[in-house]
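See structure below.
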Amino acid sequence: MPELPSAAPSESQDVTGAGEGAARREPLDIQRERREYYRQLQMFESVELGAVFQHQDTGEVESYAHWAPTALQAQEQLEVALPGLSERHCTRQALADVFEQRALPEAREQQLTVKYVLDVVERLRRARHTFTWGYSLAKGKSVVLWDEKAGLSRLCPDDAREETQRLARRVLGPLEAAQEDGCALHYLVLTSPNAAPGGLRKENVAICKRFRRLILQSGEFPEIKGALTVLEAPLGSNRDWNVHLNVILVTRGGMNLYERLRHKWRWNIGGARRLARGPGVVKGALCELIKYAATATVTKSQEKAAKAATLRDGTPRAPPPPMLEWTGAELLEWLRAMRGFRRTRTYGCLFRLKKPEPEDLGQVIWLGRGSHDGSRYRWDSVLLKSITEDKSLGIVGPEAYVAMLRGLALGGLRGAGSLGDQIPRDALHRSLEQLQKM
């Protein structure tokens, strides 16, 4: 029997060492290298017929081969997700090109520093080329770990999706708790006149101050107990800046709220509605609130560009240009206006909410790698790829694995993609050992 692999550290725990009798924390880069080493080691070990590992929590010895059905299911899920990932990768690379080809020369022409623009270009280009797939034993779910991310939630579509999820985890609980406590939740969009070219940063600051001064500090809306605002600033049809706030208000009592808000705000208030009670209602509103702002300059503007709007008299109006069609001056102004600007803000009962604790994935079994080949994402499960080909039937990989299970006739087998809950985790390992002895 192969030796048990050394226990790898949890993906969530800190790795520490000792020196002179005192514990010291390893540098983050050393921790990352150590975890990468364990991931690679585990993938190599998982392809060995009969290889096993030890569960960190229970001490139970488990077979890597047991996770072949899980790898098969993950492969099916990833194959569905990969086209979307590939499309977002193309968007990321196209954005890097337009910033380099248009914004960078504009910055040089205006005699501005180009370091930040270059940094944005490089981060977009390097992001999300390779990933590792595994399975969290503690959470019972698949885990995808990217080797490098852009860290640009305003530009990278994948970073924007993750930022949406992080913010939703932070505010969803308090919002639902307020609703259960008798408060009402309202969704609305506060607009202002479009800002002329060159005035984006000024209008970003002004609309946030206006909301705080007229709505929260005026004393005319005592029923408002808290607010969440997300600023959105895409380019408009006339190539001016359409700056507005997506807002969720927490209120208790009060009458004619929307009428009074419109009178006080002066400019248009769109989409005002009270959120109903029920499973998923608040989460859906949060996704709308955050997702729209996070993707406004890329995905949303592309969707709008595909649907030409019309004026009130019925005449067609040019749709807002997507970011990939912005000029160098527009790209540079937007980049400078958004740099260091706090787009998401909370007030009242939502102010300074604690950040949710990072999810503890516990022990993760790493089973596959994926990468972008220049045209699309591809991935391989090293565990499935290692399954011996059945030359008599002309099948390989997952099909060969399923045929092998049926040939072993393990008790409790339910279908081609599952081993069944009644089968011990090392049952398949023992069966494979018997095959090796034949």
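A few comments on the model shown:
- Taking the listed residues L311, L383, the one that is at pLDDT below 90, over 25 Å from the mean Cα position of the chain (by Cα) and surrounded by 13 or more Cβ atoms within 10 Å (Cβ to Cβ) is L383, with no other qualifying.
- Residues located in segment 227-270, provided they are of a type in the set (F, W, Y) and in a loop (DSSP other than H, G, I, E, B): W267
- Top-ranked residue of segment 46-76 - restricted to ones that are of a type in the set (S, T, N, Q) and surrounded by 11 or more Cβ atoms within 10 Å (Cβ to Cβ), ranked as modelled with the lowest pLDDT: S46
- E232 farther than 15 Å from T344 by Cβ and either charged (D, E, K, R) or free of Cβ contacts under 8 Å to residues at least 40 places away in the same chain (or both): no
- Yes/no for A177 being among the hydrophobic types (A, V, I, L, M, F, W, C), under 24 Å from the mean Cα position of the chain (by Cα) and over 29 Å from E325 (Cβ atoms): no
- Filtered residue count, segment 271-292, keeping only those that are of a type outside the set (A, V, I, L, M), over 19 Å from L190 (Cβ atoms) and either in contact (Cβ under 8 Å) with a residue 60 or more places away in the chain or not in a loop (DSSP other than H, G, I, E, B) (or both): 4
- T229 surrounded by 21 or more Cβ atoms within 10 Å (Cβ to Cβ) and among the hydroxyl-bearing types (S, T, Y): yes
- Residue within segment 178-185 that is out of contact with any Ser or Thr (no Cβ under 8 Å at 6 or more places or on another chain), under 30 Å from E330 (Cα atoms), touching a residue at least 12 places away in the same chain (Cβ under 8 Å) and outside any helix (DSSP H, G or I) present: no
- In segment 14-45, the residues that are of a type in the set (F, W, Y) and at pLDDT 70 or above: Y37, Y38
- Boolean, E106 is in contact with a Gly (Cβ under 7 Å, 6 or more places away or on another chain), modelled with pLDDT of 90 or more and surrounded by 15 or more Cβ atoms within 10 Å (Cβ to Cβ): yes
- Counted as qualifying within segment 39-156 are the strands (runs of 3 or more DSSP E) with 3 or more residues that are among the hydrophobic types (A, V, I, L, M, F, W, C), namely 141-146.
The values are calculated or read from the model by the stated rules, or taken from the named source; none is laboratory data. No experiment lies behind these values; they were computed from the predicted model shown. Here the Cβ is made from the backbone with ideal geometry for all residues, glycine too, and neighbour counts use every protein chain on show.
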